[in-house]
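Quick notes on the structure that follows.
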Amino acid sequence: MKNLTRKQRKLFYRILVSAVIFLPLFLIGHTPLGELVHLHDWPLYVTLPLFAVPYLIAGYDVLRKAVLNIFHGRVFDENFLMCIATVGAFFAGAYAEAGEVMLLYQVGELLQGIAVGKSRRSVTALMDIRPDYANAEREGELLQVSPEEVAVGETIVIKPGEKVPLDCIILSGQTNVDTATLTGEAMPRELQEGDEMISGCVNMSGMVKCRVTKPYGESTVAKILELVENASFAKAKSENFITRFAKYYTPAVVIIALLLGAVPPVFFGEDVYQWVMLALTCLVVSCPCALVISVPLTFFGGIGGAAKRGILIKGANHIEDLARVETVVFDKTGTLTSGTFTVTVIHPDAMTEEELLYLAAAAECYSDHPISRSLAAAYKKEIDRTKVFSVKELPGKGVHANIDGRDVLVGNRSLMEAFGVAVTECHHHHTGTVVHVALENCYAGHVEICDQLKPDAERTIRALKPRKTVILTGDRESVGREVASRLQVDEVHCNLLPAEKVEKVEALLAEKPKGSALAFVGDGINDAPVLSRADVGIAMGALGSDAAIEAADVVLMDDKPLGVATAIRCAKKTKRIVWQNVIFSLTVKLGVLAFEIATAFTAHGQMEHGHNHMGLAAFADVGVLVLAVLNATRALRVPKDPK
């Protein structure tokens, strides 16, 4: 009862009161006890109120909605079907059947509401990451203010047990943070001075003083909440189909019921009561609520189940696309590799290793790219940024800067060729990323940096088989091919600029099997155009580029590529449950209808046939609804990752 809403509790008590009144009357009418008390001989003014009271207690809101919807032009819905079926049964004298249908229908509505609430709580559990306040340090005092009121650059203090209210960098102190709500990762992360903290996490141990790096509206927590809140608006094709289906299905059912109730008695002299009861039974059986409710509930459950694993799917339409994925294209750096680079080789031309490393690190000092961080770490000394001017990033190539009044180029071979600088090849066989350096348009040497595969990269590729896997990278041929060989990826394309990655994805889209989808997985700002072009764009990591997360259809809150395989499995399970519910619901309904019609045609005027089967029809309709809803909740449980 504690998880029921106020509305659901009221419905539960109404069902309970109605059942207490109705069940004795129902048992009297359907057991030998009815003959003893001569129930059929009771006057109408006694039996009608006796059955009408529990009927109205249970279903007055259904009748009310049906009437209001008629006035608003929404005639054909499940409330309308229940209303005309049960009121018609009352007029036909089948009081017990009318009460039974309404009572069972409301039980189904209650169970459906509980299941929907369970799915919604799973998704909205993410709303718990919304911070209530921030401890801002102002004029030597700590003030509790709304996170929206804290400006970039302000200092905040986060105490143990508090939510991290804004994206920030630790100025002093060290702590462990719980990221489970964001990433699904159970192990806390250790952070210390200089590390970045993302909003939405929980500070577990030490008190830390931090500098805010983003306003609340652009923070990680705000973006996640926006994604979650908007996820239910993008409908899948299956949902739209069911909505259109119900729009035509319900009027068709009403017309068929009218024909069943009128044609045999008028034209063939059949028993009026029997065929009217058959028509009312047809209305009860044909109620489309099992489909209308279970399909969107299943998609909502799929979104909720994925969210529990740190996977944010932006809408039900993307679940359908994910379920069709047969080609998965990966960016390499930061996606399949850790992005933690280490300088392994320094080959200077006409200068010392330290001078070459200084030029490379200084040119990249304004960038937060993993390669830039590795150069700064290798140089080890503080770089005076006042001596670095006119820094211009050339996407996919490198950096052009002025250092100490000298013109410096730092980047790949394409950058050197663009400025007409002759490159000296490395005489050692290495498979790292080569960063070339030119000073005053003369080649100064190169630095080689190696990246490591992520621990779960190999598991990811294995889990995605037999789907086609492809790597697109701006890195040189030897590096890309070595990574592809180690991971056993089907295809690899190297030395690609951002625009060339888009072209390659378009070529792969043209080659993919008909009816299938292509997913692209990336994390950098250069990946945003490709993420938008793919059928399904998957952005890696809460700390990934804002542009990539904005362009993506699916966001993995951690940096583990195995989440791609998990997302696809979740989508396939969700789609499978949708079709199970559709096929099961239609099969049962058509089977019961066929049975009822066959019974009517062989009854030869025995009125009790229609009278008895009204309850069976109600049970079949509500039973289908309950089973479909319970099946839909299975989408909340995401299968475990393969080992």
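Some points to look at:
- Only one of the numbered conditions (1) open to solvent by 60 Å² or more (accessible area, probe 1.4 Å); (2) under 17 Å from P395 (Cβ atoms); (3) modelled with pLDDT of 85 or more is violated by A499, and that is (3).
- First in the range 386-397 and closer than 20 Å to I371 by Cα and touching a residue at least 24 places away in the same chain (Cβ under 8 Å), second anywhere and open to solvent by 100 Å² or more (accessible area, probe 1.4 Å) and not in a strand (DSSP E or B), Cβ under 9 Å, 6 or more apart: V388/Y366; V391/Y366; E393/Y366; P395/I525
- Flag if S414 is open to solvent by 10 Å² or more (accessible area, probe 1.4 Å), among the hydroxyl-bearing types (S, T, Y) and in a helix (DSSP H, G or I): yes
- Entry remark, the range 132-164: residues being touching a strand residue (DSSP E or B) at 6+ places or on another chain (Cβ under 8 Å) and not in a strand (DSSP E or B) number 15 in total.
- Residue check for A539: open to solvent by less than 60 Å² (accessible area, probe 1.4 Å), part of a helix (DSSP H, G or I), modelled with pLDDT under 90 and of a type outside the set (D, E): no
- Filtering the range 368-385 to residues that are open to solvent by 100 Å² or more (accessible area, probe 1.4 Å), without any contact (Cβ under 8 Å) to a residue 24 or more places away in the chain and either within 18 Å of D451 (Cα to Cα) or among the polar types (S, T, N, Q) (or both) leaves only D368.
- Selection status of D349, without any contact (Cβ under 8 Å) to a residue 12 or more places away in the chain and open to solvent by 20 Å² or more (accessible area, probe 1.4 Å): no
- Residue count, the range 542-584 (criterion: hydroxyl-bearing (S, T, Y) and modelled with pLDDT of 85 or more): 2
- When the range 352-367 is filtered for residues that are open to solvent by 10 Å² or more (accessible area, probe 1.4 Å) and assigned to a helix (DSSP H, G or I), the ones remaining, listed by number, are E353, E354, E355, L357, Y358.
- Of the residues A510, A534, the single one that is among the hydrophobic types (A, V, I, L, M, F, W, C), open to solvent by 70 Å² or more (accessible area, probe 1.4 Å) and modelled with pLDDT of 90 or more is A510.
- Condition check for S478: touching a strand residue (DSSP E or B) at 6+ places or on another chain (Cβ under 9 Å) and of a type in the set (G, A, S): no
- Evaluating V67 against the criteria (1) outside any helix (DSSP H, G or I); (2) over 36 Å from the mean Cα position of the chain (by Cα) leaves one unmet condition, (1).
- Of the residues making up the range 468-496, those that are touching a residue at least 40 places away in the same chain (Cβ under 8 Å) and open to solvent by 30 Å² or more (accessible area, probe 1.4 Å) are K468, G474, R476, S478, E482, N495.
- Exclusive hit being at pLDDT 70 or above, surrounded by fewer than 22 Cβ atoms within 10 Å (Cβ to Cβ), over 10 Å from V285 (Cβ atoms) and of a type outside the set (V, I, T), set G591, G605, G623: G623
- Tally, over the range 373-411, of residues that are assigned to a strand (DSSP E or B) and among the aliphatic types (A, V, I, L, M): 9
- In the range 435-532, counting only strands (runs of 3 or more DSSP E) that sit wholly within it, the ones holding 1 or more residues that are hydroxyl-bearing (S, T, Y) span 442-450, 468-472.
- From the list S232, S238, S205, S199, the lone residue that is modelled with pLDDT under 90, touching a helix residue (DSSP H, G or I) at 6+ places or on another chain (Cβ under 8 Å), of a type in the set (S, T, Y) and part of a loop (DSSP other than H, G, I, E, B) is S199.
- Of F341, F300, all but one fail to be open to solvent by 10 Å² or more (accessible area, probe 1.4 Å) and out of contact with any strand residue (DSSP E or B) (no Cβ under 7 Å at 6 or more places or on another chain); the exception is F300.
The values are calculated or read from the model by the stated rules, or taken from the named source; none is laboratory data. Everything quoted here is computed from the prediction, not taken from an experiment. We place every Cβ from the backbone using ideal geometry, glycine too, and count neighbours over all the protein chains shown. Areas reflect the complete protein model, heavy atoms only, side chains present, ligands, DNA and RNA absent. Shrake-Rupley method; radii C 1.70, N 1.55, O 1.52, S 1.80 Å.
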